[in-house]
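J.: To start, I am sharing the structure in question, which I have written as structure tokens.
Read-outs: derived from the displayed coordinates by stated rules, not from any lab. Worth saying up front: this structure is predicted, and the values here are computed from it rather than measured. Virtual Cβ from ideal backbone geometry, glycine too; neighbours counted across all protein chains shown.
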Amino acid sequence: MLIQNREVTHPDVTLLVVAAERELVTRYPDEHIASVDPKARFVVAYVMGEPVGCGAIVTVAPGVAEIKRMWVRTANRRTGVGRRILAALERRAQAEEHDTVILETGRRQPEAIALYEEMGYTEIPPYGEYVGNPTSVCFEKKLIA
């Protein structure tokens, strides 16, 4: 497996984001799927040259990055791809001098919630646009230098 930094406009990012959105619409048919932040800095996971997962960080405050668009193709789940993407995003956040990462996921994604908890994330109150959204669950992790 190879993890590469990618720009938001990279074709593999587009391919994976579209696939992720298709899945999200089936899990959350009544919710609006937000567009990709043009300032997002992506990583893409490749297995045998094929893009199989992605994630991004966006700076939201001094020292704080938000993890966005974490997604892995169904066939590649439970193989460590998600953990590797998340670890790469954490390293990238640290390299950009962030000491905290936050994220939001949905309650209808128990596999994502389990991953974040296994990786040391703790649940926090909803923030920003997620306040009042009953399907949102938010997490935070303090990064150790």
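J.: Starting at 0 and stepping by 10 Å, how many percent of the alpha carbon pairs of the chain end up in each bin?
T.: The percentages, shortest bin first, are 11, 44, 38, 6, 0.
J.: Counting other beta carbons within 10 Å of each residue's own, what order do Thr26, Thr14 fall into, fewest first?
T.: So the ranking, lowest neighbour count to highest, is Thr26, Thr14.
J.: Output the relative contact order of the chain, whole-number percent, from Cα pairs under 8 angstrom with separation of 6+ residues.
T.: Answer for the chain is 19 percent.
J.: Which FRET efficiency, nearest 0.05, do Lys39 and Ile144 yield, Cβ-Cβ r, R0 22 Å?
T.: The calculated FRET efficiency here is 0.30.
J.: Run the numbers for Asp99 and Glu50: contour at 0.36 nm per residue of separation, minus the present Cα-Cα distance, in nm.
T.: 14.5 nm
J.: Another question about this same structure. So how much slack lies between Thr9 and Tyr130, counting 0.36 nm per residue of separation and subtracting their Cα-Cα distance, in nm?
T.: 41.0 nm
J.: Follow-up question, since we're still on this one. If amide H atoms are built 1.01 Å from N in the plane of the peptide, which residues on other chains or at least 5 residues away come under 5 Å of the amide H of Leu143?
T.: Here Thr100, Val101 satisfy the definition.
J.: With the cut-off at 16 Å, report for the range 58-101 the share of all Cα pairs above it, as a whole percent.
T.: Counting every Cα pair in the range 58-101, those more than 16 Å apart make up 39 percent.
J.: Given the C-alpha centroids of the range 1-62 and the range 67-145, what is the distance between them in whole angstrom?
T.: 13
J.: Run the quick spin-label model on Asn76 and Val18: label points 7 Å from Cα toward the beta carbon, then report their separation in nm to one decimal.
T.: Computed distance between label sites Asn76 and Val18 equals 1.7 nm.
J.: So for Arg27, Arg41, fewest C-beta neighbours within 10 Å to most, what's the order?
T.: Arg27, Arg41
J.: Run lengths n ≥ 4 of DSSP H only: what is the helix-derived mean residue ellipticity at 222 nm for the chain, with -39500 (n - 2.57) per run over all residues, to the nearest 500?
T.: Helix contribution divided over all residues of the chain: -9000 deg cm²/dmol.
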